[in-house]
Each structure stands twice: as structure tokens, then as C-alpha cells.
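What follows is one structure encoded as C-alpha cells, with my remarks underneath.
Nothing in this text is a laboratory measurement; each read-out follows from the coordinates by a stated rule. It should be emphasised that the depicted structure is a prediction, and the values quoted were computed from it without experimental measurement. FYI the Cβ positions are ideal-geometry reconstructions off the backbone, even for glycines, and counts take in every protein chain you see.
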Amino acid sequence: MSPVPTTRSLLAACLAIVVAVGCGRDVSTDDLVAQANSTNIERLASLYTGYQSENEWRGPPDEAAFKAYIRAFDPQKLKRIGIDPAAADTLFTSERDGQPFKIRYAVKGSAMGSTEPVVFESTGLDGRRQVGFLDMTEREVDEAEYQSLWTGKPASASSQRRS
């Protein structure tokens, strides 16, 4: 086999990779972090997980400790997730209903990951409220599922449908 076809094949493969990568939208790490933290409920869940990672996977014991943690957080990192360090208290209010979030404190997490619900809208919209989880997801739930998640007691099968 001559080296020319091999070189041409390699060049063609490299060109295909460059074109495929070049044609895709460049997404920076900052963009990905911002996308994962686009709402206050997501930001709080993310910071809650951060608190846990620094405290033997135990959540903040109360609101004062959680706010102190956020105030002591690197201001550049807060900005990166869409938080004005000078107005961190606004983070504790839902953009949807304008009400303060309810937060479950002292929730135990895990270095292996956890899906515990920790941030809850107080009022919500149209009978549905958002809940933020330690895996940094959020979902909108009905009243029965909301109560089940808040209290940690299982809801009936009909109310456990995911939105």
C-alpha cells in the first residue's frame, strides 16, 4: 500500500472533523454554567449542593447559614451563575410568583449524587408550583406531589406523574 492514499484518507478524516466541529456552535463553559443556572430556583439548588460538598454532604442548617455561605462565596463565581453579589438576597424569591422560596434545610446529600427536593415555590402559578432538586433539575408539580415532596411522605400513584 502506498503512503499517498493513507495520507489522503487521514487528511480527509481530519478535514471532516474540523468541518463538523467548526460547524457546531461554540459553547463556552461559562455559557453552559449560565444555562444550568438560569432561574433562582436552579441557582439556589446549585448553591445548596455546593454547601453540601463543603460540609460532609449535609445541607445548611437554616436560612442564616445558607445566606452566610452565599455572601462568602467568590463574587466572580456568583456572577458566573447570574447572581449579583450585592443583591444575593433576591435569589431567595421566585421570579414566577414573586414570593419567597420555601427551603428544606439540613437535607443529607451524597457525593454519588442525590435527587432530594430542596427548593420550593410558595405559591406558584395556576395551581402548580416549581420544585428544585439537588441534581440541579426543577419541575412543576401539582399540590399533592408538592406536599409529598415537602414532607418526604409518598404521594398516591396518580399524583406522582412527572410534568
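What size of dipole, in debye to the nearest 20, comes out for region 27-159 about its Cα centre when the only charges are +1 on Lys and Arg C-beta atoms and -1 on Asp and Glu C-beta atoms? Walk me through the intermediate numbers first.
Numbers: 15 positive and 21 negative charges, 60 e Å.
Rounded to the nearest 20 debye, it is 280 debye.
When both region 129-145 and region 40-105 are represented by their alpha-carbon centers, they are found 17 Å apart. Extending 7 Å from the Cα toward the beta-carbon at both GLN76 and ALA36 defines two label points whose distance is 1.9 nm. Extension gain, ARG58 to ASP135: 0.36 nm times the residue separation minus the Cα-Cα distance gives 26.3 nm.
To the nearest whole percent, what portion of all C-alpha pairs in region 27-159 is separated by more than 18 angstrom?
Values: 4693 of 8778 pairs.
Summing the P(r) tail past 18 Å for region 27-159 gives 53 percent.
Projected onto the charge dipole of region 59-163 (+1 at Lys/Arg Cβ, -1 at Asp/Glu Cβ, origin at the Cα centre), which of SER122, VAL141, ALA111 gives the Cα projection farthest towards the positive end? Going by the Cα projections, it comes out as ALA111.
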